[in-house]
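The values are calculated or read from the model by the stated rules, or taken from the named source; none is laboratory data. All of these numbers come straight from a predicted model, not from anything done at the bench. Virtual Cβ from ideal backbone geometry, glycine too; neighbours counted across all protein chains shown.
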Amino acid sequence: MNKVAFSDAAQALALRAVVGFIRRRTPAGASRLGGGIARWIGPWLPTSRVAAQNLRMAMPELGAAQHKRIIAEAWENLGATAAELMVLGDLRESATGPGYEMIGWDEHVAPVLAKGGPSISFTAHIGNWEIIPPAAFARGVDIGFMYRAASNRHVDALILRLREANFGRKISMFPKGAVGARQAYAHLVRGGHLAMLVDQKLDNGIAVPFFGRPAMTTQAMAAFALRFRCPVLPMHVVRVGPARLQVIFEPPMALPDTGDKEADILTLTTQMNAVLERWIREKPGAWLWLHRRWPKACYQSADHNNSGG
């Protein structure tokens, strides 16, 4: 076994031990434990320097002290989300206590479902995004989800098993990339409902403004929506407390129809990023600031300006 394979196997073994430890706790207890550990350790990790750069670029008006608080909150949310994944199957729709509320479902989602045919929802790494598929399934809707596979195949397999355990059955998950895109397309052809996480940096995609800077953004959501002329529902999750979540659905977006396919894709993708930015500004500590969202040139320019050069 080479060093990489040994390291991957060791990481998976450690994760399995953590899963067993956390699963013995209540959902709220697991959430507090994961969130507390991540808030304590995370700000000291090198990744937090990326988050600090992102915040200086995206929200410079807040200042260093607020940036530091947001980074701690982002780590806490990530830790809580990871811990909740291990006990997510225990959460139920509830107006009080641990669980989740579905806000906007009757007003915005139910009419779309009543018409039949495919639909698309988009979201971001805000709150606990993992609750969306099981929450929708509990309402009778089997949402297929596009996801980015973990680089460690053992860890990725374990995460998929956790997700399936939360459902109690195998679920429709489409990996990012050409193969996953074809699977998602076929899912929509069958009249399925597709959810997409659309806030990650891509090496390709199209450059669309995000916090005032061009960010390479997936065009798949817009391309699918315009191809099928199907409803597009913005949705995101707000964390109210430990294992206490709100899944918020907004009205379907209007689809551009100018006859220029590329222009319409750009318009819809720009509108999508504007929605993401609005959610993040409302509660910045709920978003995953820990990855490089903009091209390298944006960071180099920002660092040059910050140095007074």
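Overview of results
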read-out	value
The lone exception for Gly89 - which of (1) surrounded by fewer than 22 Cβ atoms within 10 Å (Cβ to Cβ); (2) under 19 Å from Phe249 (Cα atoms); (3) not hydroxyl-bearing (Ser, Thr, Tyr) it fails	(2)
Unique match (being more than 27 Å from Ile103 (Cβ to Cβ) and in contact with a strand residue (DSSP E or B) (Cβ under 9 Å, 6 or more places away or on another chain)) among Pro231, Pro252, Pro214	Pro214
Yes/no for Gly259 being in contact (Cβ under 8 Å) with a residue 40 or more places away in the chain, surrounded by fewer than 18 Cβ atoms within 10 Å (Cβ to Cβ) and either in a loop (DSSP other than H, G, I, E, B) or of a type in the set (Ser, Thr, Tyr) (or both)	no
Matching strands (runs of 3 or more DSSP E) fully within segment 162-218 where at least 1 residues are within 18 Å of the chain's Cα centre (by Cα) and without any contact (Cβ under 8 Å) to a residue 40 or more places away in the chain	173-175
Filter result for Val198 (farther than 22 Å from Pro252 by Cα, among the aliphatic types (A, V, I, L, M) and modelled with pLDDT of 85 or more)	no
Hits in segment 99-114 (condition: more than 21 Å from the chain's Cα centre (by Cα), farther than 22 Å from Gln271 by Cβ and touching a residue at least 24 places away in the same chain (Cβ under 8 Å))	Leu113
Any hit, segment 269-292, residues being over 17 Å from Thr123 (Cα atoms), touching a Pro at 6+ places or on another chain (Cβ under 9 Å), assigned to a loop (DSSP other than H, G, I, E, B) and at pLDDT below 95	no
One residue from Ile41, Ile37 being at pLDDT below 95, surrounded by fewer than 13 Cβ atoms within 10 Å (Cβ to Cβ), assigned to a helix (DSSP H, G or I) and within 24 Å of the chain's Cα centre (by Cα)	Ile41
Unmet criterion (only one of (1) at pLDDT 90 or above; (2) in contact with an Asp or Glu (Cβ under 7 Å, 6 or more places away or on another chain); (3) farther than 22 Å from Lys201 by Cβ) for Leu88	(1)
Unique residue being closer than 22 Å to Ile159 by Cβ, modelled with pLDDT of 95 or more and surrounded by 14 or more Cβ atoms within 10 Å (Cβ to Cβ) when the list is Ala74, Ala30	Ala74
Among residues of segment 231-256, those that are of a type outside the set (A, V, I, L, M), surrounded by fewer than 19 Cβ atoms within 10 Å (Cβ to Cβ) and either modelled with pLDDT under 95 or in a strand (DSSP E or B) (or both), counted	2
Residue identified as acidic (Asp, Glu) and at pLDDT below 90 among Asp303, Asp264	Asp303
Filter result for the condition that a residue is crowded, with 17+ Cβ neighbours inside 10 Å, farther than 24 Å from Trp287 by Cβ and of a type outside the set (A, V, I, L, M, F, W, C), over Pro98, Pro111, Pro133, Pro118	Pro118
Cβ-Cβ under 6 Å pairs, at least 6 apart or on other chains, segment 82-96 side within 16 Å of Pro133 (Cβ to Cβ), far side modelled with pLDDT of 85 or more and assigned to a loop (DSSP other than H, G, I, E, B)	Glu84/Asn128; Glu84/Ala243
